[in-house]
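Worksheet: the structure to be examined is printed underneath.
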Amino acid sequence: MPKMKFGFSRKEEESKERRGAGRAMMAFLVVLMLGASCATSAKFDYAQAESIMFKASGGTPLPPLTVVPFLDRRPPKTLGEEASDQLKRELTERGDYRLGWIPLLPYAWTSRQIPESPEVHLATLRSFWCNFDRELAEAAVTSIRHSELFQDVFFAEKPEQATTRYLLQGTLLSSEYQGERLTYGLTYLFSPALWVCGFPMAVSHNSLSLVFRLIDREKKEVLWRFRFDGVNHHVQFLYGDVGEDASGYAILMKQAMNAVLYDLEQKVEKARQEGLATP
């Protein structure tokens, strides 16, 4: 009788080794792709935002103006110091990108009220840095100076440090970020193959809600008020726009300042035509 051979043949062992190596290579490529698809960090960059800035139509410029840091009234800031960090997270953070590992789900998503937190990862961005209260005010100074609607514009750390009669103060009500990582129901294991083929890999939504007030410091009254609400949507691909998750905030701020200056110019012009007092 022929002798019986137990165990795998050499061909079977080689085939098993190749399959194991293939799985290891696939896992390595997935990790590499996910890592490459996430930029390290980005900052609020008003100068590079893709939007034109308002220019006054002419006429007599308004008196000098001082801009102070914006008031931060976003939801987490209004809960009070007695609220726990856990409660703040539950009320202002939703979703989880780990959902992308679940088969058949078309995307994983998150929503964050404080996108500049170093602990918050966006769709293709590991961190976004912005000191909103100060940088929005500095952006406002840039747009006002460019508009030539006022004789001059200054920045002061506090209202009491202002040297002009008129003061512009903004209030930040919302800077919500929503992002989706698109997995097309294939999970992070196989969706990178579609990203490589040119399919969108993520979508980011930036929201900005602001209130502006023009204050007469001598009379201690608000002369004018304006509210801006805007949303910027950004589709991102592996070969472009990676890391642009929060670029919409600077674009929205330029849009806000254009709307602010246009509305203010129209109100002043109308008041002048009607013979009413203006700044």
Among the residues of segment 242-270, count how many are surrounded by fewer than 18 Cβ atoms within 10 Å (Cβ to Cβ) and either touching a His at 6+ places or on another chain (Cβ under 7 Å) or of a type in the set (Lys, Arg) (or both). 2
Residues satisfying the stated conditions in segment 163-185, i.e. under 14 Å from the mean Cα position of the chain (by Cα), surrounded by fewer than 20 Cβ atoms within 10 Å (Cβ to Cβ) and outside any strand (DSSP E or B): GLU176
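Quick one: is LEU194 in a strand (DSSP E or B) and either closer than 20 Å to GLU116 by Cβ or aliphatic (A, V, I, L, M) (or both)? If you could, list the steps in order and put the result at the bottom.
Values: in a strand (DSSP E or B): no; either closer than 20 Å to GLU116 by Cβ or aliphatic (A, V, I, L, M) (or both): yes.
No.
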Candidate set: segment 96-150, residues that are among the charged types (D, E, K, R) and within 29 Å of PRO200 (Cα to Cα); chosen: the one nearest to the chain's Cα centre (by Cα): GLU116
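Since every read-out is calculated from the coordinates, none of them should be taken as a lab result. Just so it is clear, the model here is predicted, and its values are computed rather than measured. Every residue, glycine as well, gets a Cβ built from its backbone with ideal geometry; the counts of neighbours run over all protein chains shown.
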